[in-house]
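The values are calculated or read from the model by the stated rules, or taken from the named source; none is laboratory data. Values in this document were obtained by computation on a predicted structure and should not be read as measured data. Cβ placement follows ideal geometry from the backbone for every residue including glycine, while neighbour counts extend to all protein chains displayed. These area figures cover heavy atoms from the full protein model, side chains too; ligands, DNA and RNA do not enter into them. Shrake-Rupley method; radii C 1.70, N 1.55, O 1.52, S 1.80 Å.
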Amino acid sequence: MKELPKIYDPKSVESKIYDMWMKGGWFHAERDPEKTPFTIVIPPPNVTGQLHLGHAFDETIQDVLIRWKRMSGYAALWLPGVDHAGIATQIKVEEELRKQGLTRFDLGREKFLEKVWDWKNRYGNRIVEQLKTLGSSCDWDRQRFTMDDQCAKAVRETFVSLYEKGLIYKGKRIINWCPNCTTALSDAEVEYVEKDGNFWHIRYPLTDGTGYLEVATTRPETLLGDSAVAVNPEDPRYKHLIGKTVTLPLVGREIPIVGDEHADMEFGTGCVKITPCHDPNDFEVGLRHDLPQYLMLDGEGKVTGGYKYDGMDRYEARKVIVKDLEEQGYLLSVEPIKHNVGTCYRCHNDVEPLASDQWFVKMEPLAKEAIRVVEDGEIQFIPDRFSKTYLNWMHSVRDWCISRQLWWGHQIPVWYCDDCGHMTVTREDPCECEKCRSKRIHRDPDVLDTWFSSALWPFSTLGWPEETEDLKYFYPTDVLVTGYDIIFFWVARMIFSGMEHTKQVPFRKVLIHGLIRDPQGKKMSKSAGNGVDPIEVINTYGADALRFNIITGNSPGNDMRFFPERCEAMRNFANKIWNASRFVMMNLTIEDNRLPQKLEPEDKWILGRLNSLIGEVTENLERYELGVAATKLYDFIWDSFCDWYIELTKARLTGDDEEAKENAQRVLLYTLTRILELLHPFMPFITEEIWQALPHEGEALMVAPYPTQQEALAFPEGEEFGQVIEVIKAIRARRAEMNVPANKRPSLTVAAEDTAIFQGSRALLSRLAYTGEITVTDKAPADTQGMVVIATDKARLYMALSELVDLDKERQRLEKELAKAESEKARSENMLKNEKFTSRAPKNVVDAEKDKILRMTALIENLKHSLSNLG
RNA sequence: GGACGGUUAGCUCAGCUGGUAGAGCAUUCGCUUGACGUGCGAAGGGUCAGGGAUUCGAGUUCCUUACCGUCCACCA
């Protein structure tokens, strides 16, 4: 057996192991009619992106599930890919260009797109390589990109068929416009931020000179686009003015006073300026009263429309207009307020609501089915509370604005006829207008929202719209794993798209996790500079440590703070496993992995516990309680296996009895191997590395079978050995308290009712409790003068340590213990006296209390005996 | 305004279907115990935010209050 280093070095292992897995081809999922498929599609990270801890969280969960299912005999497919990320990517490339003093318009669409593809080819693989460092067992042969031909085909099919069904339409609506990204956004892409602002009260004079209306607004510059002032038709202050007109300050336009419910009598002055082109409510008011629309901002947020303010930036225009209003006596007052301002989720600039011609998906009919499948439980959110989040959103969803004024993305497949104006929408690129046959047609320049293609991801990646073998076998997928922050963006849209296009749910479960935050609980972001690079963490502590840190210590759906120090604890855990394995290997002379015929009590103890562990871990995994499963493994490995079992085998391993030696090796090897298998989904690298070095069957741990419970290895009697452990702990505690050095080995008498287990474990007791000669008896020794007496509930222990006993201290301690035992006994007795308890509580609970009384009674007797012994 | 989450040991967090609270880190004491000091042994530390209800029994279920946080809607 080769000599292993004392300290586990993840760096020298991880890439080597990953290469081995790749060469083995085990990431690839074959369609196998003998197996049950288990499919996860990755939430595709942005091509331009770099791995951050959020990805690490998401990928680790998926990898644990997929590795566990793969080992459990499923045809487990984890389908990877990346997203073209329209705005994000285009912005990056434009930034590059800007450094050369160029804009995308200088290059033109075609040249610009070439540049973006170059960019994609250059950086697109970075994130994929980073995923590999985490250990992700994706089927790289099936890797996809949201802009590849197959996805493009799916997008095209989707658009055309929705259009044909009347579920996609073009219309002039108020949309959210980002003047910085110069594109329309969907409602979901707007983030509302509370900001300080002002409420400017402005005088709008009645045209007939009989007075004025006081209008309050947070956005005075938009008065350029006003086409009315609304008052509530019930408002006694103003209703007589309805039908009259006011003269718009600074502009001089004569605009009507209209009566509309939208004006709230309680709010502000009760008079609302109506700017149909720049406010969604005003837009509706405008339609109801047939008001003209005055667009006063262009795509870059500059004033337009033939005013003296034309060309000014919106913020500058606000300042100048306020100043002008004040100078001309129109400004009545300024009231500071806090209000919510919509910002772009990509660039965080203020979003401008404006009326614009855009493409929309009609949501109502699609939402219906999407609501049903979640309400009926065909799709289940885990934790369940997120289904409420989803349903609330879906119930009130508005039409989805899908056109973007960008170049990078799926171009909208609509051709306009220059002659008759007809729109041709087809699956193949047309060369003429389908209505008038004119060749003079041009394509819509806009592209689709990135999420339009992401929405198809679970099936477009498997070949849809083609009825491919993969689609038939692997679809619907099983679990979708993602953060709660993209339920609306992505999960919701995949659900209605899946239902509409494949008539099936795209996935059966949605496993939602929280966000990873910095140690202060703040969101990690590039701009705040508080991001932690997972690659650095992996370099420092190893991928397994990072994975284990992320999986444990947080409950499903909750955010978690990331402390690098916690990785240190997990790195130590990896090291612990490493050294435990090193110990097993050092002592190994056998070459097969079979249990021995003869099992000692401690063997049954560890094997029985292992067997329960297998059951518990599997159950936790089935319930997606990955953190609980991981914690149980941690405890078993460190505590039961390393701190106890390994120590318990040392006597046999170093002894002369060859058979005992071999038996110990066998149980050690068996248990270690099962541990590695159980732990592999969580810590794939170190477990594989060790497994390869141990006697094994099969090529790799990652494709070895996951352990299952074995009736024959349950060993309920193994728990008896727990008594011995209790005794060792009690002796150690006493020794530590009395500062007995380890080389002091007093003789020990164990008095217990059941002597067999202690009789058989004398060598172990002596070794682990550092005692000398041991006597086991069923009654107290005759002469106990000057002995330290220790009581457990199953045994009384007498140690010859008289010279170390401080009688007073010892009496105090015993009295304290006695008082505690008596109060516990009393408590149990009271419970049992309660007739309601005995009649209503389950039998095992009642029995436990009865048993406790017996134990406490024995303990009390033991303690009293000890006290009297002190004299 | 609506919904949701959190409030448990000094810190960060677990605690599944109700049966007298756990981990990691930190702290204290001891240890060259032939796998591991990235370690071993021992110890201290919590009226599980407050109040009420259900129950034989509540950190765990229900109601309520407070504080922190998140999302959605509205805010002319």
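Could you go through the range A:238-248 and let me know if any residue there is more than 51 Å from the chain's Cα centre (by Cα), within 13 Å of RNA strand B (Cβ to nearest atom) and modelled with pLDDT under 90. Checked the range A:238-248: at least one residue is more than 51 Å from the chain's Cα centre (by Cα), within 13 Å of RNA strand B (Cβ to nearest atom) and modelled with pLDDT under 90. On inspection, A:GLU266 passes the criterion of being open to solvent by 10 Å² or more (accessible area, probe 1.4 Å), of a type in the set (Asp, Glu) and either over 19 Å from A:GLU284 (Cα atoms) or touching a helix residue (DSSP H, G or I) at 6+ places or on another chain (Cβ under 8 Å) (or both). Among the candidates A:GLU194, A:GLU164, the residue that is at pLDDT 90 or above, of a type outside the set (Gly, Ala, Ser) and loosely packed, with under 15 Cβ neighbours inside 10 Å is uniquely A:GLU164. Here A:GLU600 qualifies as touching a Leu at 6+ places or on another chain (Cβ under 9 Å), more than 8 Å from RNA strand B (Cβ to nearest atom) and farther than 23 Å from A:VAL479 by Cα.
Do the conditions hold for A:THR654, that is, is it out of contact with any Cys (no Cβ under 6 Å at 6 or more places or on another chain), open to solvent by less than 10 Å² (accessible area, probe 1.4 Å) and farther than 30 Å from A:LYS69 by Cβ? It is false that A:THR654 is out of contact with any Cys (no Cβ under 6 Å at 6 or more places or on another chain), open to solvent by less than 10 Å² (accessible area, probe 1.4 Å) and farther than 30 Å from A:LYS69 by Cβ.
For every residue, the table says whether it meets (1) touching a Leu at 6+ places or on another chain (Cβ under 6 Å); (2) assigned to a loop (DSSP other than H, G, I, E, B); (3) open to solvent by 20 Å² or more (accessible area, probe 1.4 Å); (4) among the polar types (S, T, N, Q).
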position	(1), (2), (3), (4)
A:ASN392	no, no, yes, yes
A:ASP419	no, yes, yes, no
A:LYS435	no, yes, yes, no
A:PHE459	no, no, no, no
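All of A:VAL667, A:VAL628 fail the test of being of a type outside the set (Ser, Thr, Tyr) and within 12 Å of RNA strand B (Cβ to nearest atom), apart from A:VAL628.
Of the residues making up the range A:126-141, those that are open to solvent by 30 Å² or more (accessible area, probe 1.4 Å), under 20 Å from A:VAL64 (Cβ atoms) and charged (D, E, K, R) number 1. Contact annotation: residue pairs with Cβ atoms under 7 Å, 6 or more positions apart or on different chains, pairing a residue in the range A:367-382 that is crowded, with 19+ Cβ neighbours inside 10 Å with a partner that is polar (S, T, N, Q), are A:VAL374/A:SER387; A:PHE381/A:SER387. Does A:THR48 meet the test of being closer than 28 Å to A:LEU511 by Cα and either modelled with pLDDT of 95 or more or open to solvent by 60 Å² or more (accessible area, probe 1.4 Å) (or both)? No: the conditions fail for A:THR48. Within the option set A:ASN558, A:ASN549, A:ASN554, A:ASN572, being free of Cβ contacts under 8 Å to residues at least 40 places away in the same chain, under 30 Å from A:MET524 (Cα atoms) and within 8 Å of RNA strand B (Cβ to nearest atom) holds for one residue only, A:ASN572. Filtered by the rule that a residue be in a strand (DSSP E or B), away from RNA strand B (no atom under 16 Å from the Cβ) and open to solvent by less than 50 Å² (accessible area, probe 1.4 Å), the range A:302-351 gives a lone residue, A:VAL303. Any idea which of A:ILE538, A:ILE512 is of a type in the set (Val, Ile, Thr) and either surrounded by fewer than 18 Cβ atoms within 10 Å (Cβ to Cβ) or within 13 Å of RNA strand B (Cβ to nearest atom) (or both)? Criteria check complete, one pass: A:ILE512. Kindly establish whether A:ILE590 is away from RNA strand B (no atom under 14 Å from the Cβ) and either open to solvent by less than 50 Å² (accessible area, probe 1.4 Å) or assigned to a helix (DSSP H, G or I) (or both). So A:ILE590 passes the test.
For the range A:670-691, the criterion of being over 35 Å from the mean Cα position of the chain (by Cα) and either modelled with pLDDT of 90 or more or open to solvent by 10 Å² or more (accessible area, probe 1.4 Å) (or both) is met by no residue. Restricting the search to helices (runs of 4 or more DSSP H) fully inside the range A:23-116 and requiring at least 3 residues that are under 30 Å from the mean Cα position of the chain (by Cα) gives A:53-71, A:86-99. Checking A:ALA756, A:ALA848, A:ALA769, A:ALA782 one by one, the residue that is free of Cβ contacts under 8 Å to residues at least 12 places away in the same chain and either within 12 Å of RNA strand B (Cβ to nearest atom) or among the aromatic types (Phe, Trp, Tyr) (or both) is A:ALA848 and no other. Residues in the range A:707-720 that are in contact (Cβ under 8 Å) with a residue 60 or more places away in the chain and surrounded by fewer than 21 Cβ atoms within 10 Å (Cβ to Cβ): A:THR708, A:GLN709, A:GLN710, A:LEU713, A:ALA714, A:PRO716, A:GLU717, A:GLU719, A:GLU720.
The single condition among (1) closer than 30 Å to A:GLU726 by Cβ; (2) away from RNA strand B (no atom under 14 Å from the Cβ); (3) open to solvent by less than 40 Å² (accessible area, probe 1.4 Å) that A:ILE606 does not meet is (2). Selection of strands (runs of 3 or more DSSP E) fully inside the range A:150-254 by the criterion of at least 3 residues being of a type in the set (A, V, I, L, M, F, W, C) returns A:168-178, A:190-205, A:212-217, A:228-231. Counting only strands (runs of 3 or more DSSP E) wholly contained in the range A:723-839, no element carries 2 or more residues that are open to solvent by 20 Å² or more (accessible area, probe 1.4 Å) and under 21 Å from A:LYS852 (Cα atoms). Out of all the residues in the range A:261-274, is one or more within 11 Å of RNA strand B (Cβ to nearest atom) and among the aromatic types (Phe, Trp, Tyr)? Within the range A:261-274, one or more residues are within 11 Å of RNA strand B (Cβ to nearest atom) and among the aromatic types (Phe, Trp, Tyr). Cβ separations smaller than 6 Å between residues 6+ apart or across chains give the following pairs from the range A:724-747 residues that are near RNA strand B (Cβ under 8 Å from one of its atoms) to residues that are modelled with pLDDT of 90 or more: A:ILE728/A:LEU768; A:ILE728/A:ALA769; A:ALA742/A:TYR770.
A:GLY299 - would you say it is among the small types (Gly, Ala, Ser), under 29 Å from A:PRO179 (Cα atoms) and free of Cβ contacts under 8 Å to residues at least 24 places away in the same chain? Taking the combined requirement at face value, the residue does not satisfy it.
Every residue in the range A:199-216 that is away from RNA strand B (no atom under 15 Å from the Cβ) and touching a residue at least 24 places away in the same chain (Cβ under 8 Å), please.
Let us first name the residues in the range A:199-216 that are away from RNA strand B (no atom under 15 Å from the Cβ), namely A:205-212.
Selection gives A:PRO205, A:LEU206, A:THR207, A:ASP208, A:TYR212.
If you go through the range A:820-845 and keep only what is more than 8 Å from RNA strand B (Cβ to nearest atom), under 30 Å from A:THR784 (Cβ atoms) and among the acidic types (Asp, Glu), you end up with A:GLU822, A:GLU829.
Could you count how many residues in the range A:280-292 are open to solvent by 70 Å² or more (accessible area, probe 1.4 Å), more than 15 Å from RNA strand B (Cβ to nearest atom) and on the phi < 0 side of the Ramachandran plot?
Matching residues across the range A:280-292 total 1.
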